[in-house]
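The values are calculated or read from the model by the stated rules, or taken from the named source; none is laboratory data. Here the structure is a predicted model, which means the values were calculated and not measured. We place every Cβ from the backbone using ideal geometry, glycine too, and count neighbours over all the protein chains shown. What goes into the accessible areas is simple: the full protein's heavy atoms, side chains included, and nothing from ligands, DNA or RNA. Shrake-Rupley method; radii C 1.70, N 1.55, O 1.52, S 1.80 Å.
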Amino acid sequence: MLRLRAETLAGIRRFFAGRDVLEVETPLLAPTTVTEVHIDSIPASVELAGQPQGFYLQTSPEYAMKRLLAAGSGACYQIGKAFRQGDAGIRHNPEFTLLEWYRPGFRLEQLMDEVEDLLREFLPQAAIPRLRYREVFLEHLGFDPHRIELEVLRGLTRQRLPVDASGLDATDCLQLLFGQMIEPQLTEYCFVYDYPAAQAALARINPDRAGEPAARRFELFCRGMELANGYDEETDAEKLRARFERDRQRRAELDRPIPEIDEKLLAAMEHGLPECCGVAFGVDRLLMLLGGADTIGDVLAFTSDCI
């Protein structure tokens with residue numbers, strides 16, 4: 001597995017070198033972190049000038065890489081460690097290896113093409129199907145996730161899963177239903193795209209072909225697990241500020257830690273984030289596919305319980 005990891009990382013670097021995409025590094029420690037409701041960061045204390053300062057281990061390099069893009073880096077990628085609180089299981093480790101890259105001037109469809117090209121470097125296969133989020137819900141669960149009323153959705157969630165859905169919002173319900181009822185039934189390889197607007201995170205929101213607001217993002221699923229998550233990036237700082245505030249309000253309702261908004265990211269975006277698309281790609285999960293591993297621990301030299 002050590003050799004496989006080394007060969008895979010070398011192959012990723014060859015792939016991007018051949019496309020003139022710049023490798024960059026960004027900090028693992030930063031004073032702010034993501035506000036996303038269902039992602040919890042790991043806090044850390046750092047002494048600066050003799051005073052303890054609150055920092056976070058970063059959940060991805062996204063914010064810092066966007067600051068580089070706004071400063072004129074051009075197309076760039078990074079292979080590095082990311083950290084998430086409470087993530088431990090068959091496919092999760094609190095510390096994991098993430099590949100993330102950004103392509104100024106790309107459309108989302110072009111980025112899906114490039115993700116597919118990268119995957120073929122390691123897993124040769126036919127063209128990967130591209131399915132709309134609406135289509136998979138209609139096929140597997142019989143309702144339109146963009147139009148269903150919340151109380152109806154909560155009722156369906158209670159019927160299909162052993163959960164109390166009374167306090168869940170639409171995103172909670174849809175993510176549970178997708179993960180438990182749909183994801184195991186997807187084809188071996190597929191892209192799912194055009195998610196509900198409430199699941200946009202930092203992606204642009206545009207009307208889909210049915211006229212409903214949809215998040216211009218995709219996820220790549222391979223053999224029953226998510227491998228990549230890509231966005232047509234929102235470049236309007238005020239729109240993102242409003243999303244961050246909604247995240248913070250929802251976290252308060254759930255009695256979860258409430259991170260401060262990353263003002264340096266928003267300032268960089270106001271300076272001028274280029275029109276671009278970006279994607280996060282799970283290196284450890286790719287190694288699980290390549291090595292035939294059943295758990296993420298099988299492809300790590302050190303898991304969280306043995307360091």
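How big is the dipole moment of segment 190-284 about its Cα centre under a simple scheme where the beta carbon of each Lys and Arg is +1, that of each Asp and Glu is -1, and everything else is neutral? Debye, nearest 20, please.
200 debye
Can you put ASP255, ASP164, ASP262 in order of accessible area, largest first, using a 1.4 Å probe?
ASP255, ASP164, ASP262
Output the Kirkwood hydrodynamic radius of segment 73-132, Cα pairs only, in Å rounded to one decimal.
Kirkwood hydrodynamic radius for segment 73-132: 14.0 Å.
What is the dipole size for the chain, taken about its Cα centre, with +1 at each Lys and Arg Cβ and -1 at each Asp and Glu Cβ, in debye to the nearest 20?
Using Cβ point charges on Lys, Arg, Asp and Glu, the chain gives about 220 debye.
With a/c under 1.5 counting as rounded, go ahead and sort segment 51-108 into rounded, prolate or oblate using the C-alpha gyration tensor (a ≥ b ≥ c being the square roots of the eigenvalues; past the cut-off, prolate if a/b is larger than b/c, else oblate).
Judged from the Cα gyration tensor, segment 51-108 comes out oblate (a/c at least 1.5, b/c at or above a/b).
Please compute the contact order of segment 54-162 in relative form: average sequence separation of alpha-carbon pairs under 8 Å and at least six residues apart, divided by the residue count, as a percent.
That works out to 17 percent.
If you work out volume of the Cα convex hull per residue in Å³ from the coordinates, which of (i) 151; (ii) 120; (iii) 187 do you get?
Given (i) 151; (ii) 120; (iii) 187, the structure-derived one carries the label (i).
Put +1 on the Cβ of every Lys and Arg and -1 on every Asp and Glu Cβ in the chain; which of GLY72, MET1, TRP101 then has its Cα farthest towards the positive end of the dipole?
MET1
Normalise the Cα radius of gyration of segment 232-298 by 2.2 N^0.38 Å (N = residues in it) and let me know the number.
It is 1.61.
Could you check the spin-label model distance between VAL46 and ASP298? Points 7 Å from the Cα along Cα→Cβ, value in nm.
Rounded to a tenth, the inter-label distance reads 3.7 nm.
Express the accessible area of the chain per residue in Å², computed with a 1.4 Å probe while the remaining protein chains stay in the model.
That works out to 48 Å² for each residue.
Is the C-alpha gyration tensor of segment 148-307 telling us rounded, prolate or oblate? Criteria: a/c under 1.5 is rounded; beyond that, a/b larger than b/c is prolate, otherwise oblate.
Rounded, since a/c falls under 1.5.
So what J values fall out for segment 18-26 if you push phi through Karplus, 6.51 cos²θ - 1.76 cosθ + 1.60 with θ = phi - 60°, rounded to Hz, Gly and Pro as x?
Listing the rounded values in order: x, 10, 6, 9, 7, 7, 10, 10, 9 Hz.
Within 10 Å of each candidate Cβ there may be at most 15 other Cβ atoms; applying that plus a DSSP loop requirement, which trypsin sites (Lys or Arg not before Pro) in segment 17-108 survive?
Here the trypsin sites (Lys or Arg not before Pro) that fit, given the DSSP loop and packing criteria, are ARG19, ARG107.
Does segment 35-193 classify as rounded, prolate or oblate by the C-alpha gyration tensor (a ≥ b ≥ c root eigenvalues; a/c under 1.5 gives rounded; else a/b over b/c gives prolate, otherwise oblate)?
Here segment 35-193 falls in the oblate category.
Counting other Cβ atoms within 10 Å of each Cβ, which GluC sites (Glu not before Pro) in segment 1-109 have at most 15 and sit in a DSSP loop?
When the GluC sites (Glu not before Pro) of segment 1-109 are filtered for loop state and at most 15 Cβ neighbours within 10 Å, GLU25 remain.
Rounded to the nearest 5, what % of the DSSP beta bridges within the chain are antiparallel ones?
The antiparallel fraction comes to roughly 90 percent.
Between ARG107 and LEU290, what length comes free when the chain is fully extended (0.36 nm per residue of separation minus the Cα-Cα distance, one decimal in nm)?
63.0 nm
Pop out the ³J(HN,Hα) list for segment 205-210 in order, Karplus 6.51 cos²θ - 1.76 cosθ + 1.60 with θ = phi - 60°, rounded to Hz; leave Gly and Pro as x.
So the J values, rounded to whole Hz, are 10, 9, x, 7, 5, 8.
Suppose R0 equals 51 Å. What FRET efficiency, 1/(1 + (r/R0)^6) with r the Cβ-Cβ distance, do SER166 and GLU270 give to the nearest 0.05?
Calculated value: 0.80.
Go through TYR231, TYR56 and list them by solvent-accessible area, largest first, probe radius 1.4 Å.
TYR56, TYR231
Run the accessible area of the chain with a 1.4 Å probe and give the carbon-and-sulfur part as a rounded percent.
50 percent
Hey, how many Å between the Cα centroid of segment 140-180 and the Cα centroid of segment 237-281?
Cα centroid to Cα centroid, the span is 26 Å.
In segment 248-280, whose amide N lies under 20 Å from the spot 7 Å out along Cα-to-Cβ of GLN53? List them in ranges.
259-268
Could you run the Debye sum over the Cα atoms of segment 135-203, one equal point scatterer each and no solvent, and tell me log10 of I(q)/I(0) at q = 0.17, 0.18, 0.22 Å⁻¹, two decimals?
-0.61, -0.68, -1.01
How much of the DSSP bridge set in segment 44-198 is antiparallel, in percent, rounded to the nearest 5?
Taking every DSSP beta bridge within segment 44-198, about 80 percent pair in antiparallel fashion.
For labels at ARG147 and GLU7 in the simple 7 Å Cα→Cβ model, what's the distance in nm?
Placing both labels 7 Å beyond Cα along the Cβ direction yields 5.0 nm.
Given an 8 Å cut-off on Cα distances and at least 6 residues of separation, report the relative contact order of the chain as a percent.
Once normalised by length, the contact order is 23 percent.
Would you work out which of GLY230, GLN159, LEU111 lies farthest towards the positive end of the dipole of segment 89-245, given +1 charges on the beta-carbon of Lys and Arg and -1 on that of Asp and Glu, about the Cα centre?
GLN159
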